[in-house]
Amino acid sequence: MVAKMRPMPKVERGKSDEELIPLRHSAAHVMAGAVLDLFPEAKLGIGPAIKDGFYYDFELSRALTPEDLAQIEARMREVVGLNASFQRETMSREEGLRYFRERRQPYKVELIEGFDPEEGAEGGQVSTYQHADFVDLCKGPHLGRTGEIRAFKLMSIAGAYWRGDEKKPMLQRIYGTAWLSQADLDLYLAHLAEVERRDHRKLGKELELFDIDEEIGSGLVLWLPNLSAVREELEAWWRRVHHDRGYTLVYTPHIASERIYQRSGHIEKYGENMYGPLELEEHQRFWIKPMNCPGHIKVFQSRLRSYRELPLRIGELGTVYRYERSGTLHGMLRVRGFTQDDSHIFCSWADAQAEIGKVFELAMEFMRVFGYTDPVIYLSTRPAKRLGTDEMWDRAESALREALERRGVQYRLDQGGGVFYAPKIDIKMRDAIGREWQGPTIQIDLNLPDRFDVTYVTEKGERERAVMIHRVLYGSLERFVGGLIEHYAGNFPLWLSWLQVVVIPIKPEQNERSREIGAALSERGFRVEVDDRGLDMREKIKQAQSRKASYMLIVGAREAAAGTVSIRPRHGPQEQNVRLEDLLSRLEEERATKALPSDFRVEAPSVAAAVT
């Protein structure tokens, strides 16, 4: 049986900022003081509270080890036991510079010289906090005393460039976590253990799902045969759904002339994330495709469009490439080459509300099919770095807002969270252990239709600017499937399973009948293997379970004679002597309805809302 997943610690609404942030920031200071006690030569970076905990950066004469973390944590507990008070003081800029220079803390000096409010220097005054003998540059907030830090643990060590700048020194970052009670800490650690068990990189290796080979390149995913079967099913279903809803599916090139990306604004605003230029011919420069939008516009413009053709829904499973820093790459979740299920709907303003509603309903259906719950809707507005006029952004944001409000959808405002070319509706969803993931997005892009003069002919024979709705459901297939691996903990539903059925004869005498059963399943389109190797039946079952087979069919002398099978599902009760036709009907229904696995469990929607 699958171990029951424990919920995240639940913090009362309104108290996360009030209690957790000062708690964690205070724990970071106690940790920094402990490091200085053990490593007097340490140079201090910064130590903020973050989601789920805190960190502090240090320059040290040697690399830290897990054993060092244990000693630092032990020293922290001694300081907590002292119940020392946190005391705030201010000094002038000159006094602050002198104080930290005398203590050979160059990073604190640099912060003061910059008068960065985020680091505690305001209006010519420097703010510090002291507990015991430790003094740090800081604007707070903090607890009253160290004894209030009741439940904490140091978690890991990582490298981090000073202030995130690759040209600056690499420091050592210690991560820790702190909670209001030991019970909350225990729940959090149990949750982390569950997250680790589900890690798609770990399962990807164990189940032979994907690989990232450095000779191919960092951030470029090799879909191995098992996971390729999953992708094939996802793509086939996506195409059926879109054909049924009136979409026209297209293909666009992987490279394009520099002219189109100059016209779209990608080179100006997004060029640092693009691969190119490629000098393929004299005086012709090409770039590798970072987005599918310009290609879909050109499909629309392949001939003059009439209002009778609208809405025109164009969709593509299009592979794009974007440069991501190596330090940000993360398995399948953050990559450099990925396939997006992009669709662009070209319509009039009269049709825009209905089209957005249809997309929204389809997005909800997608989440239901995969067992994602508790959707949270965000309206993401204009960022500081953007294309287009304020008037264009006003109209686009108003259209999305009205579309949600007309349908009675509750949403949250994500001020400045839009992409550089459009505001958007963001749908976030929770997985089986309560974590929030990026889900479908819906955008109205008034920038590209203007740049490309995307028009259609109205009933009056006049040209009118088309509305372009840009939406994704899967988003990146790589990220979506990486998330599914963790969501299902590798136990995919039958319709997606790469190994749907394994037929296991008990003895060689049942091999022929087992092959007949395998052939019957294969004829119905199931992915099936017949394990007729000369191994003990229990070993065959163990191996099939480790490979995440959805069903194992046991064939002994009694089953072979009666034309039946004994069913051993991946999880759940076993069944004896089931007629083959009955089994086939059941499996076909389970596949057709896309039923979730019997071992799939979803935590209550609120369990992950505790973290700040």
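Quick look at the numbers
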read-out: Net dipole in debye of segment 16-198 [+1 Lys, Arg Cβ; -1 Asp, Glu Cβ; about Cα centre; nearest 20]; value: 260 debye
read-out: Förster radius 30 Å - calculated FRET efficiency between residue 170 and residue 89, Cβ distance, rounded to 0.05; value: 0.40
read-out: Ascending count of other beta-carbon atoms within 10 Å, so fewest first, for 275, 456, 551; value: 275, 456, 551
read-out: Magnitude of the charge dipole, segment 405-474, Cβ model with Lys/Arg +1 and Asp/Glu -1, debye to 20; value: 240 debye
read-out: Residues 429, 392 arranged by fewest to most Cβ contacts within 10 Å; value: 392, 429
read-out: Options 506, 521, 562, ranked by Cα towards positive dipole end of segment 501-593, top entry (Cβ charges); value: 506
read-out: Derived scalar couplings ³J(HN,Hα) [segment 149-160; Karplus, 6.51 cos²θ - 1.76 cosθ + 1.60; whole Hz; x for Gly, Pro]; value: 8, 8, 9, 8, 7, 7, 9, 6, 10, 9, x, 8
read-out: Cα lying deepest toward the dipole's positive end in segment 441-544, options 544, 467, 484, charges on Cβ; value: 544
read-out: Cβ charges +1 (Lys, Arg) and -1 (Asp, Glu), total dipole of the chain, debye; value: 700 debye
read-out: Fraction in percent of alpha-carbon pairs per bin - 10 Å, the chain; value: 3, 13, 19, 21, 20, 14, 7, 2, 0, 0
read-out: For segment 391-408, 3J(HN,Hα) per residue [Karplus equation, 6.51 cos²θ - 1.76 cosθ + 1.60, θ = phi - 60°, Hz, x = Gly/Pro]; value: 4, 5, 5, 4, 5, 5, 5, 5, 5, 5, 4, 5, 4, 5, 5, 5, 9, x
read-out: Sum of -39500 (n - 2.57) over DSSP H runs of 4+, divided by residues of the chain (222 nm, nearest 500); value: -11000 deg cm²/dmol
read-out: Integer Hz, Karplus 6.51/-1.76/1.60 couplings in order for segment 20-36, x for Gly and Pro; value: 6, 5, x, 4, 6, 5, 5, 4, 5, 5, 4, 5, 4, x, 5, 4, 5
read-out: Segment 504-559, relative contact order [Cα under 8 Å, separation at least 6], %; value: 54 percent
read-out: Highest-first arrangement of 401-410, 338-347, 33-42, where packing means the average Cβ count within 10 Å; value: 338-347, 33-42, 401-410
read-out: Segment residue 70-residue 308, length gained on full extension (0.36 nm per residue, minus Cα span); value: 78.6 nm
read-out: Reachable aspartates and glutamates from residue 385, criterion Cα separation under 13 angstrom, eight or more residues apart if same chain; value: 268
read-out: Relative contact order (%) - criterion: Cα under 8 Å, at least six apart; region: segment 258-326; value: 36 percent
read-out: Among 190, 229, 207 the positive-end extreme of the charge dipole of segment 178-229 (Cβ point charges); value: 190
read-out: Burial ordering of 378, 372, fewest other beta-carbon atoms within 10 Å first; value: 378, 372
read-out: nm² value of the averaged projected area, convex hull over the Cα atoms of segment 16-198; value: 10.7 nm²
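None of the figures in this text is laboratory data; all of them are computed from the coordinates on show. Just so it is clear, the structure is predicted and the values come from calculations on it, not from any experiment. Every residue, glycine as well, gets a Cβ built from its backbone with ideal geometry; the counts of neighbours run over all protein chains shown.
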